Amino acid sequence: MGTASSMLTQYDIEEVQEHCNNLFSQQEIVSLYQRFCQLDRNAKGFISADEFLSVPEFAMNPLSQRLLKMVDGLNFKDFVAFLSAFNAKANAQQKIELIFKVFDSDRNGKVSFKDILEVLKDLSGSFMSDDQREEALSQVLKEAGYTKDSYLALDDFIKVLGQSDLKMDVEVPVD
């Protein structure tokens, strides 16, 4: 797995499977590796932000700039680990941990009212005014027992979102 042009060995596949909690089959890992190599145009063994932006679905995502901070420079093993949160077999905590990282753009381990508002703005665009976003978020936080001045740590995020049935599934095409 040293460079993108090298082939995966059985050991590599098993190591990646273990790293991503066996959420992907061996065949899926091979398919992901092929896609990784396509994205890694410079064959450096990692994917740059520019290479990620070559994926139209990624580039069009309203959260792409936030996601780029998380994925820029990922090697294959970490690329698969990142995608694990989108696997249908991933548990709610794994999905919430990824969502938390999206919201925690300054990576300080907590999410503020302002952090959440920024994500809401990215997601809603001009469909909601700043006042509407603030009002809606204040209400949601109030119902969950928090205020505008609260900082949510990962545990708080898990408490708030753990009750929901998160749908963040991605299908990995297997050739």
Task: Largest-first ordering by accessible area, 1.4 Å probe, given options TYR33, TYR151, TYR146, TYR11 - done: TYR11, TYR151, TYR146, TYR33
Task: Test item: Cα-centred dipole of the range 42-126, Lys/Arg +1 and Asp/Glu -1 on Cβ, debye - done: 240 debye
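When the accessible area of the chain is split by element with a 1.4 Å probe, what percent falls to carbon and sulfur? Working shown, then result.
On the way: 5340 of 10370 Å².
Carbon and sulfur: 51 percent of the exposed surface of the chain.
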Task: Estimated FRET transfer efficiency (LEU53, LYS159; beta-carbon r; R0 30 Å; 0.05) - done: 0.30
Task: Amide H partners (placed H, <5 Å) of VAL111, local residues excluded - done: LEU152, ALA153
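Keeping every protein chain present and rolling a 1.4 Å probe, give me the accessible area per residue for the chain in Å². Walk me through the intermediate numbers first.
On the way: 10370 Å² over 175 residues.
Per residue, the chain has 59 Å² of solvent-accessible surface.
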Task: Solvent-accessible area of LEU117 with every protein chain in place, 1.4 Å probe, in Å² to the nearest 10 - done: 30 Å²
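Explain nothing, just the number: relative contact order of the range 63-128, from Cα pairs under 8 Å at least 6 residues apart, as a whole percent. Walk me through the numbers on the way to the answer.
Working: 27 pairs, mean separation 20.6, N = 66.
Worked out over the range 63-128, it gives 31 percent.
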Open item on the list: From the helices alone, meaning DSSP H stretches of at least four residues, give me the mean residue ellipticity at 222 nm for the chain, per-run term -39500 (n - 2.57), in deg cm²/dmol to the nearest 500.
Closed with: -16000 deg cm²/dmol
Open item on the list: Placing unit charges on C-beta atoms (Lys and Arg positive, Asp and Glu negative, everything else neutral), compute the dipole magnitude of the chain about its Cα centre in debye, rounded to 20.
Closed with: 140 debye
Open item on the list: In 5 Å bins starting at zero, report the fraction of Cα pairs in the chain per bin as a rounded %.
Closed with: 1, 8, 14, 18, 19, 15, 10, 7, 5, 2, 1
Open item on the list: Could you sort VAL30, VAL140 by their accessible area in this structure, using a 1.4 Å probe and putting the largest first?
Closed with: VAL140, VAL30
Open item on the list: Helix 10-19 against the longest principal axis of the chain: what's the angle in degrees, Cα atoms only, rounded to the nearest 10?
Closed with: 10 degrees
Task: Angle in degrees between helix 130-143 and the longest Cα principal axis of the chain, rounded to the nearest 10 - done: 90 degrees
TODO: Please go through the range 1-71 and write out the trypsin sites (Lys or Arg not before Pro) that DSSP classes as loop and that have at most 14 other C-beta atoms within 10 Å.
DONE: ARG41, LYS44
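With respect to the cross-link table entries LYS89/LYS110; LYS44/LYS89; LYS89/LYS159; LYS44/LYS114; LYS44/LYS101; LYS89/LYS121, which display a Cα-Cα separation exceeding 32 Å? All intermediate terms of the calculation are to be shown ahead of the outcome.
Numbers: LYS89/LYS110 27 Å; LYS44/LYS89 30 Å; LYS89/LYS159 20 Å; LYS44/LYS114 37 Å; LYS44/LYS101 26 Å; LYS89/LYS121 30 Å.
Over 32 Å apart, Cα to Cα: LYS44/LYS114.
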Task: Extent along principal axes [Cα atoms of the range 17-92; Å; largest to smallest] - done: 29, 29, 17
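State the three equivalent ellipsoid semi-axes of the range 48-105, derived from the C-alpha gyration tensor as the square roots of 5 times its eigenvalues, in descending order and whole Å.
On the way: eigenvalues 69, 35, 24 Å².
Here the semi-axes work out to 19, 13, 11 Å.
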Task: Sum of side-chain charges, TYR11 neighbourhood, beta-carbon under 14 Å (Lys, Arg +1; Asp, Glu -1) - done: -3
TODO: Specify which residue in the list ALA49, ASN87, HIS19 is farthest towards the positive end of the charge dipole of the chain, using unit charges on the beta carbon of Lys, Arg (+1) and Asp, Glu (-1), about the Cα centre.
DONE: ALA49
Task: Extension gain from LYS44 to SER25, taking 0.36 nm per residue of separation minus the Cα-Cα distance - done: 4.3 nm
Task: Highest average packing first - 99-110, 15-26, Cβ atoms within 10 Å - done: 15-26, 99-110
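The values are calculated or read from the model by the stated rules, or taken from the named source; none is laboratory data. Computed from a predicted structure; not experimentally measured. Using ideal geometry, Cβ is built from the backbone for each residue, glycine included, and neighbour counts are taken over all protein chains shown. In case anyone asks, the SASA skips ligands and DNA or RNA and just uses the protein heavy atoms, side chains included. Shrake-Rupley method; radii C 1.70, N 1.55, O 1.52, S 1.80 Å.
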